[in-house]
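A short worksheet on the structure shown next.
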Amino acid sequence: MTWQFHTVNGDQLARVSVEPANHPVHERKGDQQIFWHRTPTSTIAVSDPQEQDRIIARRWPA
């Protein structure tokens with residue numbers, strides 16, 4: 001992870017760059033398991049198991 005600090009129009013901004021995980025990332029909230037998928041512009045929660053399987057197979061092939 002790297003941090004960069006910038007001043008834009010007098011405001012302080014921090015840019016945090018994080019390397020992609022080398023495995024799927026899930027979060028457990030109670031009895032619910034959430035799969036997090038990073039895209040180039042955001043991170044989204046994918047709740048559909050079939051979509052999770054598709055993303056995982058594409059990103060981390062066996």
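The values are calculated or read from the model by the stated rules, or taken from the named source; none is laboratory data. The structure displayed is predicted, hence computed values, not measured ones. Because the Cβ atoms are built from the backbone with ideal geometry, glycine has one as well, and the counts that use them run over all protein chains shown. Keep in mind that these areas ignore ligands, DNA and RNA; they rest on the heavy atoms of the full protein, side chains included. Shrake-Rupley method; radii C 1.70, N 1.55, O 1.52, S 1.80 Å.
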*For GLU19, state whether it is under 15 Å from the mean Cα position of the chain (by Cα), assigned to a loop (DSSP other than H, G, I, E, B) and of a type in the set (D, E, K, R).*
yes
*Which residue pairs have Cβ atoms under 7 Å apart, sit 6 or more places apart or on different chains, and have a first residue in segment 40-62 that is open to solvent by 100 Å² or more (accessible area, probe 1.4 Å) and a second that is among the basic types (Lys, Arg) and assigned to a helix (DSSP H, G or I)?*
none
_Pull out all pairs, ordered by first then second residue, where Cβ-Cβ is under 7 Å, the residues are six or more apart or on different chains, the first lies in segment 1-25 and is under 30 Å from ALA62 (Cα atoms), and the second is charged (D, E, K, R) and modelled with pLDDT under 90._
PRO20/ARG38
*Residue within segment 21-32 that is touching a Phe, Trp or Tyr at 6+ places or on another chain (Cβ under 8 Å), among the aliphatic types (A, V, I, L, M) and surrounded by 11 or more Cβ atoms within 10 Å (Cβ to Cβ) present*: yes
